[in-house]
1. Please list, ordered by chain and number, the residues whose modelled amide H lies under 5 Å from the amide H of I136; skip anything fewer than 5 residues away on the same chain.
2. For the chain, what does the helix formula give at 222 nm: sum of -39500 (n - 2.57) over DSSP H segments with n ≥ 4, over the residue count, nearest 500 deg cm²/dmol?
3. Expressed in nm to one decimal, what extension gain is obtained for the pair E143 and K6 from 0.36 nm per residue of sequence separation less their Cα-Cα distance?
4. How big is the Cα convex hull of region 98-144 in projection, averaged over all directions, in nm²?
5. Could you please report the charge total around G13, scoring K, R as +1 and D, E as -1 over all other residues with beta-carbon less than 14 angstrom from its beta-carbon?
6. Give me the base-10 log of I(q)/I(0) for region 3-59 at each q in 0.15 Å⁻¹, Debye formula, one uniform scatterer per Cα, rounded to two decimals.
7. Which lysines have a Cα less than 24 Å from the Cα of K81, not counting those fewer than 8 places away in the same chain?
8. From the residues A102, T82, A29, which one has its Cα farthest along the dipole of the chain in the positive direction, the dipole being from +1 and -1 charges on Cβ of Lys/Arg and Asp/Glu about the Cα centre?
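What follows draws every value from the coordinates through simple rules; no lab data is involved. Treat the numbers as computed from the prediction; the structure is a model and nothing was measured. All Cβ positions, glycine included, derive from the backbone under ideal geometry; neighbour counts span all protein chains shown.
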Amino acid sequence: MATERKAEVTWQGDLMSGNGRIDSVTSGAIGGLEVSWPARSEEPGRLTSPEELIAAAHATCVSMALSHALGQAGHPPEELKTSATVTFQPGEGITKIALDVAGRVPGMDEDAFQQAADEAKQNCPVSKALASVPEISLTARLEG
């Protein structure tokens, strides 16, 4: 069954001096998040950016896909910690995403974990949506 998710944003003013707000999302989990061009193109402060939200979505998607694959293979993870770093270059767009996954997975060796993580990176829906990003790297490792 297909699902739909919606985000509502209000933007005021021009790009450089204006600002916006993520008003709401379908779940109600987030809202009232402020956004601006400086938050997107300069050092992060207290405001978010589309790239930060993409990073959160990508890390979550890879974690879910990997958790599912490991469970299906008989090795449900105790814990997966995933980060995604999205690089935004003004004038070019998103130029790179670096994924990092650390997992505690009883009974699994490093090679099998790496292979499962690579497959999760390739096949999660967010990765597929971001296929036009020039570089998406993955570091995956097991932790004690």
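1. Here the answer is I97, since their amide H atoms fall under 5 Å of that of I136.
2. Details: 4 runs with 47 residues, N = 144.
The helix contribution divided over the chain gives -10000 deg cm²/dmol.
3. Result: 45.7 nm gained on full extension.
4. Here the figure is 3.3 nm², rounded to one decimal.
5. Charge balance near G13 sits at -1.
6. -0.44
7. Reachable lysines: K96, K121, K128.
8. A29
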